[in-house]
Amino acid sequence: MPLRRWYEAASTIPGAPGVHGLAVTAKSWREAALDVAAAGGRLVAMWAAEGGSDCPTMHAALAAEPGVLVMHLALGGSHPRYPGLEEIFPAAARMQRAAADMSGVLALGGDPRPWLRHA
């Protein structure tokens, strides 16, 4: 089962039963999302946060039969971008737009319109 490899590579998150954390590359970010979707899993949340060395990090929480997988994708450069997940999980489009508004991190191929109304 392709989904198993992601959970086996992940480490458990202390204090969160059934939740596993996994640092991924841009390529494996999408591969893991595809495997979760193929297994009937769902996207729970997606957000951006400051990582080490002022490097933003994208996070995605995916739920499937083995538990919750929280992926961490460290981004670099002055204009950080990451592979969008809206084709796999349509709900990701809004989360990606919100993350772009709040942190400046853009999804490749995502909807470039702002999500939040900045008055």
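The values are calculated or read from the model by the stated rules, or taken from the named source; none is laboratory data. Please read all numbers here as calculations on a predicted model, not as lab measurements. Here the Cβ positions follow ideal geometry from the backbone for every residue, glycine too, while neighbour counts run over all protein chains shown. Keep in mind that these areas ignore ligands, DNA and RNA; they rest on the heavy atoms of the full protein, side chains included. Shrake-Rupley method; radii C 1.70, N 1.55, O 1.52, S 1.80 Å.
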If you go through the stretch 19-30, how many residues are among the small types (Gly, Ala, Ser) and open to solvent by 40 Å² or more (accessible area, probe 1.4 Å)?
2
For the structure I just gave you, tell me whether LEU62 is closer than 23 Å to ALA16 by Cβ and out of contact with any Ser or Thr (no Cβ under 7 Å at 6 or more places or on another chain).
yes
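Hey, can you tell me all the residues within the stretch 11-30 that are among the hydrophobic types (A, V, I, L, M, F, W, C) and either within 12 Å of ILE88 (Cβ to Cβ) or assigned to a strand (DSSP E or B) (or both)?
VAL19, LEU22, ALA23, TRP29
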Kindly state which strands (runs of 3 or more DSSP E) lie completely within the stretch 31-119 and contain at least 3 residues that are open to solvent by 60 Å² or more (accessible area, probe 1.4 Å) and at pLDDT 95 or above.
42-50
